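In what follows, a single structure is set out as structure tokens and then discussed.
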Amino acid sequence: MKFSLIATIVLLALAQGSFAQDASDLKNLGQYFEDLKTKLIQDMTELIRNQDLANQAQTQIQPLVAQIQEQLKTVATNVEEHIRPLAANVQEQLKPQIESFQQQMEAIIQKMKEQTMVLGN
């Protein structure tokens, strides 16, 4: 009977040690899930903040972009007003030179035709 009592006590001690180990594992697992939950909440909060920041930046940048576009239109109009007379002036100055070049080319072509006819005969 003493042997059965000792065996029972040893069995209970082993069972208690096993339960203690399981409790420790559960505690570690619980801590892991708690850490995972905390990290997930932090990541989601940061993502939402970044999205809000992007929306705010876009809201603030849109008027600036519209203002820059308006200024560029004004600059383009001013440049066009200055370039048109300049382009017309350059065109007028080049017109006699272009006509002279055209006449010279026509003379060369005419001369080549005449020489070709002479060679053909």
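The values are calculated or read from the model by the stated rules, or taken from the named source; none is laboratory data. Predicted model, so just to flag it, every value in this text is computed and none were measured. Note: ideal-geometry Cβ built from the backbone for every residue, glycine included; neighbour counts use all protein chains shown. The accessibility values were calculated without ligands, DNA or RNA, using every heavy atom of the protein model including side chains. Shrake-Rupley method; radii C 1.70, N 1.55, O 1.52, S 1.80 Å.
Condition check ((1) open to solvent by less than 80 Å² (accessible area, probe 1.4 Å); (2) out of contact with any Leu (no Cβ under 6 Å at 6 or more places or on another chain); (3) of a type in the set (G, A, S); (4) at pLDDT below 85) across all residues:
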{"position": "A54", "(1), (2), (3), (4)": "yes, yes, yes, yes"}
{"position": "Q60", "(1), (2), (3), (4)": "no, yes, no, yes"}
{"position": "Q69", "(1), (2), (3), (4)": "no, yes, no, no"}
{"position": "A76", "(1), (2), (3), (4)": "yes, yes, yes, no"}
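Is segment 78-91 home to any residue that is open to solvent by 100 Å² or more (accessible area, probe 1.4 Å), of a type outside the set (A, V, I, L, M, F, W, C) and more than 39 Å from the chain's Cα centre (by Cα)? Checked against the condition, which is being open to solvent by 100 Å² or more (accessible area, probe 1.4 Å), of a type outside the set (A, V, I, L, M, F, W, C) and more than 39 Å from the chain's Cα centre (by Cα), segment 78-91 yields at least one hit. Checking the stated criteria, L64 turns out not to satisfy the condition of being part of a helix (DSSP H, G or I), surrounded by 10 or more Cβ atoms within 10 Å (Cβ to Cβ) and free of Cβ contacts under 8 Å to residues at least 40 places away in the same chain.
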